[in-house]
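Below: one structure, written as structure tokens.
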Amino acid sequence: MDRKARAIINRRNALKSTGPRTEAGKNASKYNALDHGLCSRRPIDIEGISDRAAYDAVKAMYENDYAP
């Protein structure tokens, strides 16, 4: 298949890719790019929950287990 034919096929497929449309789909995908946050200076606030003690405990556990 030549490059022009592949480009046409890719453009057609891209028209079908619209991402999540429902609220449930949007809620499921909104944290896809969220990192673990262990290198951040403060805990990441997810859904209004921010517990510094729990964050510090998880961070210490990872640092002890993986020795970064």
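The values are calculated or read from the model by the stated rules, or taken from the named source; none is laboratory data. If you're wondering where the values come from, they're calculated on a predicted model, not measured in any experiment. With ligands, DNA and RNA removed, areas are computed over all heavy atoms of the protein, side chains included. Shrake-Rupley method; radii C 1.70, N 1.55, O 1.52, S 1.80 Å.
Within the group LEU34, LEU15, which residue is open to solvent by 70 Å² or more (accessible area, probe 1.4 Å), hydrophobic (A, V, I, L, M, F, W, C) and at pLDDT 85 or above?
Working: LEU34 fails: at pLDDT 85 or above.
From the options LEU34, LEU15, the qualifying one is LEU15.
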Of all residues making up the stretch 37-68, the number that are at pLDDT 80 or above and part of a loop (DSSP other than H, G, I, E, B): 1
